[in-house]
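Chemist: Shown below is the structure under consideration.
The values are calculated or read from the model by the stated rules, or taken from the named source; none is laboratory data. The structure presented is a predicted model; accordingly, all values stated were derived computationally and were not measured. Cβ placement follows ideal geometry from the backbone for every residue including glycine, while neighbour counts extend to all protein chains displayed.
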Amino acid sequence: MTDGGPTLLEPGGTNAVGQMLGLLGDEWSLLILGHSSRGLTRYGEFREVMPISNSVLTHRLTRLTEHGLLERRIYRTNPLRAEYLPTARSRTLWPMMLAIWEWERSWTGPAGEALPLRRHEACGAEFAPLLTCRACGVPVEARDVRAAWGPSGGWERSVPASSTRRRPDSVPNSLQYPQTLEIFGNRWSSALIGAAFRGMVRFSQFETALGAPPTLIAERLRSFCALGVLETRQHAHHPGRPEYHLTDKGRAFFPITALSVQWAQKWFVSPEGPALVQTHTACGHDFVAHLACDQCRQPLVTGSITIVPVIEDRTTPEGTP
Ligand SMILES: [Zn+2]
Ligand SMILES: [Zn+2]
């Protein structure tokens with residue numbers, strides 16, 4: 001439960017990154033939060049838009065409420081009815097959600113291209129969000145940011161305490177943002193892509209760093225290659241020992257990672273200090289991720305973005321003279 005401020009974590013326990021992966025590295029929770037951000041609040045409304053069972057929906061709503069991402073409010077007492085409202089904590093997820101939309105739109109083919117566009121009200125243009133450094137305003141990619149563990153860092157503390165069961169109530173893959181969920185909607189996958197961004201390329205590195213079962217790491221690496229976010233390369237001096245390198249599509253996932261970590265460290269605070277300290281190497285300042293409009297370069301703020309309705313059958317012959 002939260003009073004609206006950050007959660008103070010136990011000393012020596014799971015850090016902000018681990019907390020975030022435990023909460024958001026769950027397919028159903030991400031979907032529920034996405035619908036919540038679009039205005040849905042009631043149990044029946046969530047049931048209507050997702051093929052989710054009663055038990056799973058109840059569990060996720062309870063969990064998101066316990067962690068301050070939703071606020072449960074009774075709106076009728078006889079019979080008892082509650083609704084689930086977004087909180088400051090969940091409302092600040094919008095930059096990450098926007099980054100997810102952009103990545104899906106750019107990298108997942110026809111499904112992504114069919115997503116509705118966004119308009120920046122300040123300049124009136126349809127836009128894509130651009131990841132920039134708040135200190136200097138320059139666009140930033142993964143290679144421009146140096147990451148180092150902070151006082152509460154380390155891989156052991158950055159993966160969720162509870163081990164994930166093997167997709168017991170997996171989301172049908174036809175739902176929204178399937179590829180993001182493939183990477184982000186599984187806590188080990190998120191940790192793995194984080195390790196890749198930190199320069200790990202070998203199976204043994206991933207295995208040692210994450211402490212996950214080898215079969216699980218092998219399965220995740222295979223699925224990342226199938227998804228096209230990693231590609232295998234043979235080691236020059238050790239043929240037969242493949243390395244796993246990020247592709248352009250994989251590197252383009254960086255804004256989602258950066259914004260989710262930033263969100264985590266805002267809302268979950270370890271007494272020792274941050275889990276991850278990131279520096280924009282070009283300007284030397286701490287890297288604070290900031291989204292700008294790629295058309296006018298102004299910073300994006302909440303409320304300045306509207307969804308452009310999808311026009312059905314743009315090419316239909318009846319629609320043209
Ligand atoms: Zn900078
Ligand atoms: Zn703009």
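Chemist: Out of curiosity, is A147 within 16 Å of ligand 1 (Cβ to nearest atom) and closer than 30 Å to S270 by Cβ?
Modeler: On the way: within 16 Å of ligand 1 (Cβ to nearest atom): yes; closer than 30 Å to S270 by Cβ: yes.
Judged against the criteria, A147 is a match.
Chemist: Now for a separate question. Need a quick list: helices (runs of 4 or more DSSP H) entirely within region 110-229 having at least 3 residues that are modelled with pLDDT of 85 or more and among the polar types (S, T, N, Q). Lay out the reasoning, then the answer.
Modeler: Values: elements: 110-113, 155-158, 178-184, 187-197, 203-210, 214-227.
Output list reads 203-210.
Chemist: For region 247-261, which residues satisfy the criterion of being touching a strand residue (DSSP E or B) at 6+ places or on another chain (Cβ under 7 Å) and either of a type in the set (V, I, T) or surrounded by fewer than 21 Cβ atoms within 10 Å (Cβ to Cβ) (or both)?
Modeler: Scanning region 247-261 gives T247, V261.
Listed here are the residues, each with its yes/no results for (1) in contact (Cβ under 8 Å) with a residue 40 or more places away in the chain; (2) within 16 Å of ligand 2 (Cβ to nearest atom).
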{"site": "R47", "(1), (2)": "no, no"}
{"site": "Y84", "(1), (2)": "yes, no"}
{"site": "G124", "(1), (2)": "no, yes"}
{"site": "A128", "(1), (2)": "yes, yes"}
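Chemist: Sticking with this one: Out of curiosity, is T132 of a type in the set (V, I, T), in contact (Cβ under 8 Å) with a residue 12 or more places away in the chain and more than 16 Å from ligand 2 (Cβ to nearest atom)?
Modeler: Values: of a type in the set (V, I, T): yes; in contact (Cβ under 8 Å) with a residue 12 or more places away in the chain: yes; more than 16 Å from ligand 2 (Cβ to nearest atom): no.
Taking the combined requirement at face value, the residue does not satisfy it.
Chemist: Restricting attention to region 276-299, does a residue exist that is under 18 Å from R146 (Cα atoms), in contact (Cβ under 8 Å) with a residue 12 or more places away in the chain and more than 16 Å from ligand 1 (Cβ to nearest atom)?
Modeler: Step one: filter region 276-299 for residues under 18 Å from R146 (Cα atoms), giving 276-290.
Now narrow it down to the ones that are in contact (Cβ under 8 Å) with a residue 12 or more places away in the chain: 276-283, 285-290.
After this cut, where a residue has to be more than 16 Å from ligand 1 (Cβ to nearest atom) as well, the list is 276.
Yes, some residue in region 276-299 is under 18 Å from R146 (Cα atoms), in contact (Cβ under 8 Å) with a residue 12 or more places away in the chain and more than 16 Å from ligand 1 (Cβ to nearest atom).
Chemist: Read through the list (1) surrounded by 19 or more Cβ atoms within 10 Å (Cβ to Cβ); (2) closer than 30 Å to L227 by Cα; (3) in contact with a strand residue (DSSP E or B) (Cβ under 8 Å, 6 or more places away or on another chain), then give the number of the only condition that E71 fails.
Modeler: Going through (1) surrounded by 19 or more Cβ atoms within 10 Å (Cβ to Cβ); (2) closer than 30 Å to L227 by Cα; (3) in contact with a strand residue (DSSP E or B) (Cβ under 8 Å, 6 or more places away or on another chain) one by one, E71 breaks only (2).
Chemist: Hey, another quick one. Within region 278-311, track down each residue that is of a type in the set (G, A, S), more than 16 Å from ligand 2 (Cβ to nearest atom) and part of a loop (DSSP other than H, G, I, E, B).
Modeler: Let us first name the residues in region 278-311 that are of a type in the set (G, A, S), namely 282, 284, 289, 292, 303-304.
After this cut, where a residue has to be more than 16 Å from ligand 2 (Cβ to nearest atom) as well, the list is 282, 284, 289.
A282, G284 - these are the residues of region 278-311 that are of a type in the set (G, A, S), more than 16 Å from ligand 2 (Cβ to nearest atom) and part of a loop (DSSP other than H, G, I, E, B).
Chemist: Now for a different question. So, in region 49-64, of the ones that are touching a residue at least 24 places away in the same chain (Cβ under 8 Å) and not in a loop (DSSP other than H, G, I, E, B), which residue ends up surrounded by the most Cβ atoms within 10 Å (Cβ to Cβ)? Please lay out each step first, then the result.
Modeler: Here is the first cut: in region 49-64, the ones touching a residue at least 24 places away in the same chain (Cβ under 8 Å) are 50-53, 56-57, 60-61, 63-64.
Then drop every residue that is not not in a loop (DSSP other than H, G, I, E, B), which leaves 56-57, 60-61, 63-64.
Values: V56: 15, L57: 16, R60: 23, L61: 21, R63: 17, L64: 25.
Step by step, filter region 49-64, then rank; the result is L64.
Chemist: Right, next: Within region 36-45, is there a residue that is small (G, A, S), in contact with a strand residue (DSSP E or B) (Cβ under 9 Å, 6 or more places away or on another chain) and part of a helix (DSSP H, G or I)?
Modeler: Within region 36-45, one or more residues are small (G, A, S), in contact with a strand residue (DSSP E or B) (Cβ under 9 Å, 6 or more places away or on another chain) and part of a helix (DSSP H, G or I).
Chemist: Does V145 meet the test of being over 21 Å from the mean Cα position of the chain (by Cα) and closer than 24 Å to D286 by Cα? Steps first, answer last, please.
Modeler: On the way: over 21 Å from the mean Cα position of the chain (by Cα): no; closer than 24 Å to D286 by Cα: yes.
No; evaluated as a whole, the condition is false for this residue.
Chemist: Looking only at region 266-275, decide whether some residue is within 21 Å of W188 (Cα to Cα), in a helix (DSSP H, G or I), more than 16 Å from ligand 2 (Cβ to nearest atom) and within 21 Å of the chain's Cα centre (by Cα).
Modeler: Checking region 266-275: not a single residue is within 21 Å of W188 (Cα to Cα), in a helix (DSSP H, G or I), more than 16 Å from ligand 2 (Cβ to nearest atom) and within 21 Å of the chain's Cα centre (by Cα).
Chemist: Could you give every pair whose Cβ atoms fall below 9 Å, whose first residue belongs to region 214-234 and is among the acidic types (D, E), and whose second residue is surrounded by 16 or more Cβ atoms within 10 Å (Cβ to Cβ) and not in a helix (DSSP H, G or I), counting only separations of at least 6 or pairs across chains?
Modeler: Close Cβ pairs satisfying both conditions: E231/Y244; E231/L246; E231/T247.
Chemist: Another question, then. Just one of (1) modelled with pLDDT of 90 or more; (2) of a type in the set (G, A, S); (3) away from ligand 1 (no atom under 16 Å from the Cβ) trips up G303, so point out which.
Modeler: Of (1) modelled with pLDDT of 90 or more; (2) of a type in the set (G, A, S); (3) away from ligand 1 (no atom under 16 Å from the Cβ), only one is false for G303: (1).
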